[in-house]
Amino acid sequence: MSRKYIDCRAYPSDIGCTLALCADSEAELLEAAVAHAVAVHSHTDTPQFRALLRTLLKDGTPPLASSAPAKATAS
């Protein structure tokens, strides 16, 4: 089993989220990613949203720096 991750820095975000999550199992990572997306990004936990998140999971561990940093809007 290989380590998996998802990195908010790779996706546009109004808040400039820099959180990266990783886990040894896809199921564990998906649960953490859904909890984060609902609590921080106001997404709704639906089967369709979970299916989308599954497609965004990557093998390995997140890089120390992102090639496409998330953009934050000025307050």
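The values are calculated or read from the model by the stated rules, or taken from the named source; none is laboratory data. None of these values were measured; they are calculated from a predicted model. As a convention, Cβ positions derive from the backbone with ideal geometry for all residues, glycine included, and neighbour counts pool all protein chains shown.
For this structure, a couple of remarks:
- Of all residues making up the range 56-73, the number that are loosely packed, with under 10 Cβ neighbours inside 10 Å and modelled with pLDDT of 95 or more: 1
- Residue check for Ala37: in a helix (DSSP H, G or I), touching a strand residue (DSSP E or B) at 6+ places or on another chain (Cβ under 8 Å), small (Gly, Ala, Ser) and surrounded by 15 or more Cβ atoms within 10 Å (Cβ to Cβ): no
- Where a residue in the range 31-51 is under 18 Å from Tyr5 (Cβ atoms) and its partner, wherever it lies, is surrounded by 14 or more Cβ atoms within 10 Å (Cβ to Cβ) and among the charged types (D, E, K, R), with Cβ under 7 Å and at least six apart: Val34/Arg50
- Residue match in the range 48-55 (condition: in contact with a helix residue (DSSP H, G or I) (Cβ under 8 Å, 6 or more places away or on another chain), surrounded by 10 or more Cβ atoms within 10 Å (Cβ to Cβ), of a type in the set (A, V, I, L, M) and at pLDDT 95 or above): yes
- The one condition from (1) surrounded by 13 or more Cβ atoms within 10 Å (Cβ to Cβ); (2) touching an Asp or Glu at 6+ places or on another chain (Cβ under 8 Å) that Glu28 does not meet is (2).
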